[in-house]
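Heads up: the structure comes next, in structure tokens.
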Amino acid sequence: MQEKLTDASLMPFGKHKNKKLGDVPADYLLWAGDNFEPTNDWRKAFLVYVAENRAALEKEVEETKNDE
């Protein structure tokens, strides 16, 4: 099983590949968390990361919208 992901873990794919999860835009993380299937250990760990951080990610998205 993949170790627990943190904000310092790197995205392994996509347009944010090799960025720390903490530096990936919250709206992208939420989108990916809602659309990825748990097809491998990394994706399972990613879905857990998004679920555990969902409230903070949603707050970040809302704050970004308010700043625009």
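What number, rounded to the nearest 500 deg cm²/dmol, is the helix-based mean residue ellipticity at 222 nm of the chain, given -39500 (n - 2.57) per DSSP H run of at least four residues and division by all its residues? Walk me through the intermediate numbers first.
Details: 2 runs with 37 residues, N = 68.
Using -39500 (n - 2.57) per qualifying helix, the result is -18500 deg cm²/dmol.
What is the spin-label model distance, in nm, from T64 to D23 if the labels are put 7 Å beyond Cα along the C-beta direction?
Inter-label distance under the simple model: 1.5 nm.
How far is helix 26-35 tilted off the main Cα axis of the chain, in degrees rounded to 10, range 0 to 90?
It is inclined by approximately 50 degrees.
Take the chain, mark every one of the trypsin sites (Lys or Arg not before Pro) that falls in a DSSP loop and has at most 11 other Cβ within 10 Å, then report the longest stretch left between them, sites excluded. Mind showing how you got there, number by number?
Working: sites that count: K4, K15, K17.
Longest gap between qualifying sites, sites excluded: 18-68.
If you roll a 1.4 Å probe over the chain with all protein chains in place, what percent of the accessible area is carbon or sulfur? Please list the in-between numbers first.
Values: 2190 of 4660 Å².
C and S atoms contribute 47 percent here.
What does the accessible area per residue of the chain come to in Å², with a 1.4 Å probe and no ligands, DNA or RNA counted? Don't skip to the end; give the middle numbers.
On the way: 4660 Å² over 68 residues.
For the chain, the solvent-accessible area averages 68 Å² per residue.
The values are calculated or read from the model by the stated rules, or taken from the named source; none is laboratory data. Not measured: the values here are computed from a predicted model. Cβ: placed from backbone, ideal geometry, glycine included. Neighbour counts: every protein chain shown. In case anyone asks, the SASA skips ligands and DNA or RNA and just uses the protein heavy atoms, side chains included. Shrake-Rupley method; radii C 1.70, N 1.55, O 1.52, S 1.80 Å.
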